[in-house]
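Some notes on the structure that comes next.
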Amino acid sequence: MKKGSIKVSVLYPKANGKHFDMQYYSKDHVGMVAKLLGNSVLGATVEQGLLGSAPGSAPEFEAIGNLYFESLESFQNSFGPNAEKIMGDVPNFTNIQPIVQISEVVI
């Protein structure tokens, strides 16, 4: 992504008693989000946690989803009207409370 673009990261912490359906998330949820947000999304990635910082340790996050936008305004204008529908789909794939971070791409 180019310098100055906006990255929206949604992180799903790994925890006992929590579940995450990667197949639903990567196919159905991300597809729905892409359709709703349309051309405002410059790119997207989905990451599945494998290992933590110590050798052989569990990952800190079950999954991380990233969306890239031209500007903060582009994100807000496309996500805002669709936030209820997008967030309403979360219980279909997880009972984890996601952590959201919005960042500016520096490099």
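Hey, does the stretch 1-11 have a residue that's within 13 Å of the chain's Cα centre (by Cα), closer than 23 Å to ILE96 by Cβ and not hydrophobic (A, V, I, L, M, F, W, C)? Among the residues of the stretch 1-11, at least one is within 13 Å of the chain's Cα centre (by Cα), closer than 23 Å to ILE96 by Cβ and not hydrophobic (A, V, I, L, M, F, W, C), which makes the answer yes. Pairs only if they're at least six apart or on different chains, beta carbon under 7 angstrom, first in the stretch 10-26 and in contact (Cβ under 8 Å) with a residue 24 or more places away in the chain and closer than 18 Å to GLY88 by Cβ, second among the aliphatic types (A, V, I, L, M) and part of a loop (DSSP other than H, G, I, E, B); list them, first residue then second. From residues that are in contact (Cβ under 8 Å) with a residue 24 or more places away in the chain and closer than 18 Å to GLY88 by Cβ, the pairs are TYR12/ILE96; PHE20/ILE96. Among the criteria (1) more than 17 Å from PRO91 (Cβ to Cβ); (2) surrounded by 18 or more Cβ atoms within 10 Å (Cβ to Cβ), the one ALA63 does not fulfil is (1). Given the criteria at pLDDT 95 or above, among the basic types (Lys, Arg) and not in a helix (DSSP H, G or I), does LYS35 qualify? No: the conditions fail for LYS35.
Scanning the stretch 79-107 for residues that are of a type in the set (Asp, Glu) and part of a loop (DSSP other than H, G, I, E, B) returns a single hit, ASP89. Does at least one position in the stretch 68-78 carry a residue that is surrounded by 12 or more Cβ atoms within 10 Å (Cβ to Cβ), of a type in the set (Gly, Ala, Ser) and part of a helix (DSSP H, G or I)? Yes: the stretch 68-78 contains one or more residues that are surrounded by 12 or more Cβ atoms within 10 Å (Cβ to Cβ), of a type in the set (Gly, Ala, Ser) and part of a helix (DSSP H, G or I). With respect to the conditions (1) farther than 19 Å from PHE75 by Cβ; (2) of a type outside the set (Asp, Glu); (3) in a loop (DSSP other than H, G, I, E, B), GLY4 falls short on a single one, namely (1).
The values are calculated or read from the model by the stated rules, or taken from the named source; none is laboratory data. Keep in mind it's a predicted model, so treat the numbers as computed, not measured. Glycine gets a Cβ as well: all are built from the backbone with ideal geometry, and neighbour counts include every protein chain shown.
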